Amino acid sequence: MTKFVAAAILAVALVAMPVLALGSDQCSLSMEVSTEGPIFNYITGKPYTLLLTFANQTKGDVTIDKVDVSCKSSTDIKLDMKTAVEAPATVAAGANGVGSYTVTFPDGAGAQVLTLVGTVQYTADGKSQSVTQSRNLYVSPILELTMLPSRLILGASDEPSRVGMSVINHSDQVYKSSIDLTTSGGIRVSPASTEITVEPNGLEAFMFSVSPDGNPAPGHYAVYIDLGKTKDWVAVDVPVNAKKPSGKISIDGKTDDWTGASAVAIARLVDGSKWDVIGRARFAYDDTNFYVNVEVNDPTHFLSPDSKSRVNANPPSDSIVLAFDPLVDGASAPSGEYRADDVEFTVIGAEGGSVMLKTFANAKVVEADTKYPVAFSRNGNKSIYEMAIPLSAIKPMKDNMFALSILVNDSDGTKVTQTEWGGGLAGKIDPRRFVPVMLTK
Ligand SMILES: [Ca+2]
Ligand SMILES: [Ca+2]
């Protein structure tokens, strides 16, 4: 707005006091997008008028060669634009040339900041030149949906698991339809469908509850929300309930002390459709430690002779990685990286000499021996990892809960096959994919 006003004042000044134009040989461009009243955002699917004003402040006529309007956005949207008034072919000295266009932001463009860029190529005094102007616009869908929370952990408190949802109708028409909710399976949502009426520029709030459907495996689920033109989803995590063991767990590579512990399958997607279970992890805890037992089906146990770098040994050793997000705030890390509370351990599987290394802590990569109890053994074609991680090493914990992911590196001396439980470790680090673990009473 400031630039446009400044350009308009300058144009008026030039008309009123032509003497000031002497020495100025510039052309300028201003861009305006129509609004209705004091609006804060533009909505999708509604036509707006875009006005491009080209001010010729040179001493001669200029020829307009080309007018171009483009749209920059994070999602690469395609702007629907029609010419309403063609820009003139020539603009006389001291005059303005105006072109106007009807622009519509497509469905799916909201909610984001778009940058409209207008460029005019012109010839003045035999020289080809161009002038550019841009505007940032906040575009929202006609129906703007906000969910609180956007990530739900089932059973994290005694309260029923509810999600609050607000619908803002940015249009000047009453919106009357239904909100339809579906799930990825394993969880139930109620009510599955709600009739809604939202007044023009009005807001309505709704609530739905999420509960387990049967006994879903710990992991990631989703509630999909469909309002016709607007779609969204809520992440739902089913946590692992780690319990206190019936007896004492000895870190000795033997698993007879793990009876009754919570177990999860470690599986890999094969051919895009079939799950191949390659092992399992079991969890337990007491007042001092969090205990983990990982069993991996592995016919070829390989330990690298390269001892210089244990984590990045070449060729790589059989190993596992345990990564903790103690605050369970991975979902709020927009870049999907480790945060300062996150801690990662790597265990190298060597019978009689297994080591657990702290490989990420305090927001940086490290490689330090933990001195925490750890054992490794082989049983036929199985590798058995057993370890005790002090609870003090995975603090600050939130409501006796943290999020965890496990990566199994199965090496045969040449290649490594990686399998994850949770996720966010094999490729780019992404604690949003870690699965919550609750230390239950
Ligand atoms: Ca044991
Ligand atoms: Ca192996």
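Laboratory data are not the source of any read-out in this text; all were calculated from the coordinates shown. These figures come from a predicted structure and were not determined experimentally. Glycine gets a Cβ as well: all are built from the backbone with ideal geometry, and neighbour counts include every protein chain shown.
Here r is the Cβ-Cβ distance between Gln418 and Glu351 and R0 is 22 Å; the resulting FRET efficiency, rounded to 0.05, is 0.50. From helices alone, the chain scores -1000 deg cm²/dmol at 222 nm; the rule is -39500 (n - 2.57) for each run of n ≥ 4 DSSP H residues, then divide by the residue total.
Charged side chains reduced to their Cβ positions (Lys and Arg at +1, Asp and Glu at -1) give region 143-238 a dipole of some 180 debye around its Cα centre.
With each label modelled as a point 7 angstrom along the Cα→C-beta vector, the Arg378-Val85 pair spans 8.4 nm.
Highest-first packing order for the peptide set 139-146, 57-64 is 139-146, 57-64, based on the mean count of other beta carbon atoms within 10 Å. Considering only Gly260, Val98, Pro373, and ranking their Cα positions along the charge dipole of the chain that arises from unit charges at the beta-carbon of Lys, Arg, Asp and Glu, the one farthest toward the positive end is Pro373.
Under a Cβ-only charge scheme (Lys and Arg +1, Asp and Glu -1), can you give me the dipole magnitude of region 298-421 about the Cα centre, in debye to the nearest 20? Numbers along the way, then the final one.
Details: 11 positive and 17 negative charges, 52 e Å.
So the dipole magnitude of region 298-421 works out to roughly 260 debye.
Toward the positive end of the charge dipole of the chain, with +1 on the Cβ of Lys and Arg and -1 on the Cβ of Asp and Glu, the farthest Cα among Ala87, Met401, Ser193 is that of Met401. Per-residue Karplus couplings for region 97-103, computed as 6.51 cos²θ - 1.76 cosθ + 1.60 with θ equal to phi - 60°, are listed in order as x, 10, x, 10, 9, 9, 10 Hz, Gly and Pro entered as x.
Working from label points 7 Å from Cα in the Cα-to-Cβ sense, the Ser150 to Lys398 distance is 1.4 nm. Taking each of Lys364/Lys398; Lys59/Lys82; Lys358/Lys382; Lys72/Lys231; Lys243/Lys364; Lys308/Lys398 in turn, the alpha-carbon distance tops 28 angstrom for Lys59/Lys82; Lys243/Lys364; Lys308/Lys398. Ordering of 399-406, 260-267, 304-311 by packing is 399-406, 260-267, 304-311, highest average first (other Cβ atoms within 10 Å, averaged per residue).
Couplings for region 368-377, taken from phi via the Karplus curve 6.51 cos²θ - 1.76 cosθ + 1.60 with θ = phi - 60°, read 10, 4, 8, 6, 7, x, 8, 9, 9, 8 Hz in order; Gly and Pro are left as x. Rounded to the nearest 5, the antiparallel percentage of DSSP beta bridges internal to region 241-439 is 95%. What the phi angles of region 106-120 give under the Karplus curve with 6.51, -1.76 and 1.60, with θ = phi - 60°, is a coupling list of x, 4, x, 7, x, 9, 6, 8, 9, 10, 8, 10, x, 10, 10 Hz, glycine and proline written as x. Remark on Gly45: its backbone amide H falls under 5 Å from those of Phe105, Asp107, a criterion applied only to residues 5 or more positions apart or on other chains, H modelled at 1.01 Å from N. Estimated from the Cβ-Cβ distance and a Förster radius of 56 angstrom, the FRET efficiency linking Ser178 and Ser70 is about 0.90. Near the amide H of Asp237, within less than 5 Å, lie the amide hydrogens of Leu152, Ile153, Leu154, Tyr221, all on another chain or at least 5 residues away, with H placed in the peptide plane.
Using only side-chain charges placed at the Cβ, +1 for Lys and Arg and -1 for Asp and Glu, the dipole size of the chain relative to its Cα centre rounds to 360 debye. Using a simple spin-label model with pseudo-atoms 7 Å out from Cα toward Cβ, Leu269 and Lys428 lie 1.7 nm apart.
Calculate, in nm to one decimal, what Thr194 and Ser246 gain on full extension: separation in residues at 0.36 nm each, minus their alpha carbon distance. Gain on stretching Thr194 to Ser246: 14.0 nm. May I ask which residue of Met438, Gly214, Leu203 lies farthest towards the positive end of the charge dipole of the chain, with charges of +1 (Lys, Arg) and -1 (Asp, Glu) on Cβ and the Cα centre as origin? The Cα lying farthest towards the positive end belongs to Met438.
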